[in-house]
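Visitor: Sharing a structure here in structure tokens format.
The values are calculated or read from the model by the stated rules, or taken from the named source; none is laboratory data. These figures come from a predicted structure and were not determined experimentally. Every residue, glycine among them, receives a Cβ derived from its backbone with ideal geometry; neighbour counts consider all protein chains shown.
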Amino acid sequence: MQTPPIIHSRRVADGSRFLKIEILDLEFSNGERRTYERLQGGGLGAAIIVPMLDDDTVLLVREYGAGIERYELGLPKGRLDRDETVEQGANRELKEEIGYGARQLHILHTLSLSPSYMSSMTHVVLARDLYPERLTGDEPEELEVVPWKLSELHTLIGREDVSDGRSIAALFIAREYLAGRFKPQV
């Protein structure tokens, strides 16, 4: 196992009000020194939820992605609020985005969006035993809820409007967990 680099200094770069950039001066075990920049995550991270309507039907949402300037089909997700557990945040996001709550919530894994330059983490949460309940969220428009068969995951990933890596990874993780081929380490 490799020895992690020594962090000689950390400082926050001048940036936008939205993004916090941290500069790290590192020294690796072979003596090489480098300066890295990373986006510093805020808060408690985020949750991406795999809401199962039944044993094979997952509920997806169609939501506008400003970064890619189009509507994208993926899983409900959102940042965790202060004083909120992962499960509480996941249940809140479900109610806001798809109009369902879940009686069973199980954390399956934690994903990094880009470990090379981002520190934020997203918790993958499986939601089962859904019941109707809606909370007002922060979305600018009502999201379209799209049921999809998990057994048809191979056709979903071929669609042009499915490119969110976290959604794709979370769906595969949930499918493997439900099939008994994956045991969470969380």
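Visitor: So in region 75-108, with the set limited to residues that are in contact (Cβ under 8 Å) with a residue 12 or more places away in the chain and polar (S, T, N, Q), which one is surrounded by the fewest Cβ atoms within 10 Å (Cβ to Cβ)?
Guide: Q104
Visitor: Can you spot a residue in region 169-177 that is touching a residue at least 12 places away in the same chain (Cβ under 8 Å) and among the β-branched types (V, I, T)? First the steps, then the outcome.
Guide: Going residue by residue through region 169-177, those that are touching a residue at least 12 places away in the same chain (Cβ under 8 Å) are 169-175, 177.
After this cut, where a residue has to be among the β-branched types (V, I, T) as well, the list is 173.
There is at least one residue in region 169-177 that is touching a residue at least 12 places away in the same chain (Cβ under 8 Å) and among the β-branched types (V, I, T).
Visitor: Just one of (1) among the aliphatic types (A, V, I, L, M); (2) exposed (fewer than 15 other Cβ atoms within 10 Å of the Cβ); (3) under 20 Å from A46 (Cβ atoms) trips up I157, so point out which.
Guide: Every condition holds for I157 apart from (3).
Visitor: Another question about this same structure. In the set E87, E72, which member is within 23 Å of L178 (Cα to Cα) and touching a strand residue (DSSP E or B) at 6+ places or on another chain (Cβ under 6 Å)? Show your work before the answer.
Guide: Working: E72 fails: within 23 Å of L178 (Cα to Cα).
Only one candidate qualifies: E87.
Visitor: Let me ask you something else. When you check V124 against the structure, is it surrounded by 18 or more Cβ atoms within 10 Å (Cβ to Cβ) and within 19 Å of T57 (Cα to Cα), yes or no? Full working, then the answer.
Guide: On the way: surrounded by 18 or more Cβ atoms within 10 Å (Cβ to Cβ): yes; within 19 Å of T57 (Cα to Cα): yes.
It is true that V124 is surrounded by 18 or more Cβ atoms within 10 Å (Cβ to Cβ) and within 19 Å of T57 (Cα to Cα).
Visitor: Under 21 Å from D55 (Cα atoms), surrounded by fewer than 16 Cβ atoms within 10 Å (Cβ to Cβ) and in contact with a Lys or Arg (Cβ under 8 Å, 6 or more places away or on another chain) - does that describe any residue in region 163-186?
Guide: No, the conditions are met nowhere in region 163-186.
Visitor: Now a separate question. Answer yes or no as to whether S163 is within 17 Å of the chain's Cα centre (by Cα), in the same structural domain as G65 (by TED's automatic domain parsing) and either among the polar types (S, T, N, Q) or over 13 Å from P76 (Cα atoms) (or both).
Guide: Values: within 17 Å of the chain's Cα centre (by Cα): yes; in the same structural domain as G65 (by TED's automatic domain parsing): yes; either among the polar types (S, T, N, Q) or over 13 Å from P76 (Cα atoms) (or both): yes.
For S163, the condition - within 17 Å of the chain's Cα centre (by Cα), in the same structural domain as G65 (by TED's automatic domain parsing) and either among the polar types (S, T, N, Q) or over 13 Å from P76 (Cα atoms) (or both) - is met.
Visitor: Tally the residues that are crowded, with 16+ Cβ neighbours inside 10 Å and either modelled with pLDDT of 95 or more or outside the structural domain of I68 (by TED's automatic domain parsing) (or both), restricting the search to region 131-149.
Guide: Summing the residues that are crowded, with 16+ Cβ neighbours inside 10 Å and either modelled with pLDDT of 95 or more or outside the structural domain of I68 (by TED's automatic domain parsing) (or both) in region 131-149 gives 2.
Visitor: I've got another one for you. For region 17-74, give me each residue that is closer than 22 Å to I6 by Cα, modelled with pLDDT under 85 and loosely packed, with under 13 Cβ neighbours inside 10 Å.
Guide: The answer is E37, and nothing else.
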